[in-house]
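**Q** The following block contains the structure, expressed as structure tokens.
The values are calculated or read from the model by the stated rules, or taken from the named source; none is laboratory data. Note that this is a predicted model, so its numbers are computed, not measured. A quick note on method: Cβ atoms are made from the backbone with ideal geometry, for glycine too, and the neighbour counts reach across all protein chains shown.
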């Protein structure tokens, strides 16, 4: 019996227009009304994820920053958090190829050195404000939750600095996370804290950053137009995001 649905946002529940797919939204409300629990799991930050959390009328934990932070957005309480090791910080932001621009998330703020169109588009898409700093040396390295490397990252496979993990969440996004921080690890910790067996959890996603979460859940579900690796790893493949991938999952669970 599946009691939880854990859903990715972009490309899964949220379409290219940055709006929640209405059919999927209505289905999640129906699932919650039947006694189920809905949890969002996203690479987005608190500020960026809140609009969708509020639209669904959620309470309790949200898995953010691809698993580096779990936050009760209703109570504004951090439940679990990891940061990049300070020693790795210089390697993360130095020696980057031309056309790759970092955004460092530190204490809930998005910090940048470069003010370029690629970063302005990222901020528009995520609904966040970028804060310019004079240089990376002024950032408190011990408090960096994650770094987004944005731009010409497709096909670039740098080694992960010690104590970090690299995750591809979009073709133009390479994320630097604390080692061991994944959506799957955050989901395992959250369900353990809540006393919920993982076999009672369904997780749905579309990109490689969702793979560990799908593997952790009792039912791992891939969006039909998602990444080939995700579809290959899934227990169940549903329709495309735009036509209501999450609604397909809810219908499957509720027997419609």
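**Q** Can you give me the number of residues within the stretch 144-172 that are touching a residue at least 40 places away in the same chain (Cβ under 8 Å) and either in the same structural domain as residue 37 (by TED's automatic domain parsing) or assigned to a loop (DSSP other than H, G, I, E, B) (or both)?
**A** Residues meeting the conditions: 7.
**Q** Something else now. Please indicate, with yes or no, whether at least one residue in the stretch 185-194 is at pLDDT 90 or above and either part of a loop (DSSP other than H, G, I, E, B) or not assigned by TED's automatic domain parsing to the domain that holds residue 42 (or both).
**A** So far as the stretch 185-194 goes, no, none of its residues is at pLDDT 90 or above and either part of a loop (DSSP other than H, G, I, E, B) or not assigned by TED's automatic domain parsing to the domain that holds residue 42 (or both).
**Q** Under 6 Å between Cβ atoms, at least 6 apart or on separate chains: pull out the pairs that start in the stretch 229-253 with a residue that is on the phi > 0 side of the Ramachandran plot and end on any residue that is in a helix (DSSP H, G or I) and at pLDDT 95 or above.
**A** Sorted first by the residue in the stretch 229-253, then by its partner, the pairs are 244/23; 244/24.
**Q** Does residue 194 count as crowded, with 23+ Cβ neighbours inside 10 Å and out of contact with any helix residue (DSSP H, G or I) (no Cβ under 7 Å at 6 or more places or on another chain)?
**A** So residue 194 does not fit the description; no.
**Q** Out of curiosity, is residue 91 more than 24 Å from residue 15 (Cα to Cα), free of Cβ contacts under 8 Å to residues at least 24 places away in the same chain and in the same structural domain as residue 163 (by TED's automatic domain parsing)?
**A** no
**Q** Determine whether residue 10 is at pLDDT below 95, under 24 Å from residue 242 (Cα atoms) and out of contact with any strand residue (DSSP E or B) (no Cβ under 9 Å at 6 or more places or on another chain).
**A** No: the conditions fail for residue 10.
**Q** Exactly one condition in (1) out of contact with any strand residue (DSSP E or B) (no Cβ under 7 Å at 6 or more places or on another chain); (2) at pLDDT 95 or above; (3) part of a loop (DSSP other than H, G, I, E, B); (4) over 20 Å from residue 194 (Cα atoms) is false for residue 18; which is it?
**A** Looking at each condition in turn, residue 18 falls short on (2).
**Q** With respect to residue 5, determine if the residue is closer than 21 Å to residue 144 by Cα and either without any contact (Cβ under 8 Å) to a residue 24 or more places away in the chain or not in a helix (DSSP H, G or I) (or both).
**A** Here the answer is no, as residue 5 does not meet what is asked.
**Q** If a residue must be surrounded by 15 or more Cβ atoms within 10 Å (Cβ to Cβ) and either within 19 Å of the chain's Cα centre (by Cα) or under 30 Å from residue 16 (Cβ atoms) (or both), how many such residues does the stretch 128-142 contain?
**A** Total meeting the criteria: 2.
**Q** Among the residues of the stretch 63-80, how many are part of a helix (DSSP H, G or I) and either loosely packed, with under 15 Cβ neighbours inside 10 Å or out of contact with any helix residue (DSSP H, G or I) (no Cβ under 8 Å at 6 or more places or on another chain) (or both)?
**A** Counting residues in the stretch 63-80 that are part of a helix (DSSP H, G or I) and either loosely packed, with under 15 Cβ neighbours inside 10 Å or out of contact with any helix residue (DSSP H, G or I) (no Cβ under 8 Å at 6 or more places or on another chain) (or both) gives 1.
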